[in-house]
Amino acid sequence: MIVETLMIQKLKAKWGIESTRRVLLILLIFSLTGIGILLIKNPVFHLLGVNPEASLWLKIPVAVLVYQVLLLIVGALFGEFRFFWEKEKRLGRLLMRPFLRS
């Protein structure tokens with residue numbers, strides 16, 4: 001039996017999830033995506049023409065975009081696409097807020 005820690009209880013409340021197993025699956029997806037980005041970042045940068053001498057102002061947004069796409073792919077493979085898609089949409093709205101103010 002899985003022991004439910006205070007951290008897992010907080011994540012369940014924050015994410016609106018009732019299952020401890022689902023929280024652990026989502027944490028696994030975040031972990032696999034983190035490992036995956038380390039493996040694919042350089043080939044993707046090469047494919048996009050981003051060289052190692054490029055400015056951080058270019059490399060960081062590209063890396064974040066690749067991570068977000070990979071997170072959706074890995075989430076979909078584990079049946080959690082909807083959870084991660086909702087998080088992506090919220091993040092997008094948050095990032096666009098300063099540009100949409102009139």
Closer than 25 Å to Leu95 by Cβ and in contact with a Gly (Cβ under 8 Å, 6 or more places away or on another chain), is that true of Ile17?
no
Run down Leu24, Leu95 and say which single residue is under 23 Å from Lys12 (Cα atoms) and in a helix (DSSP H, G or I).
Leu24
Would you check if there is a residue in the stretch 36-58 being hydroxyl-bearing (Ser, Thr, Tyr) and surrounded by 12 or more Cβ atoms within 10 Å (Cβ to Cβ)?
no
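Residue under question is Leu91, and the condition is that it be of a type outside the set (Val, Ile, Thr), surrounded by 12 or more Cβ atoms within 10 Å (Cβ to Cβ) and modelled with pLDDT of 95 or more; does it hold?
So Leu91 fails the test.
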Of all residues in the stretch 44-76, which are farther than 30 Å from Leu25 by Cα, in contact (Cβ under 8 Å) with a residue 12 or more places away in the chain and assigned to a helix (DSSP H, G or I)?
Leu48
Failed condition for Ile8, given (1) touching a Ser or Thr at 6+ places or on another chain (Cβ under 7 Å); (2) at pLDDT below 90, with all others met?
(2)
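The values are calculated or read from the model by the stated rules, or taken from the named source; none is laboratory data. Keep in mind that what you see is a predicted model, and the values were worked out from it rather than measured. Reconstructed Cβ throughout: ideal geometry from the backbone, glycine too, with neighbour counts over all protein chains shown.
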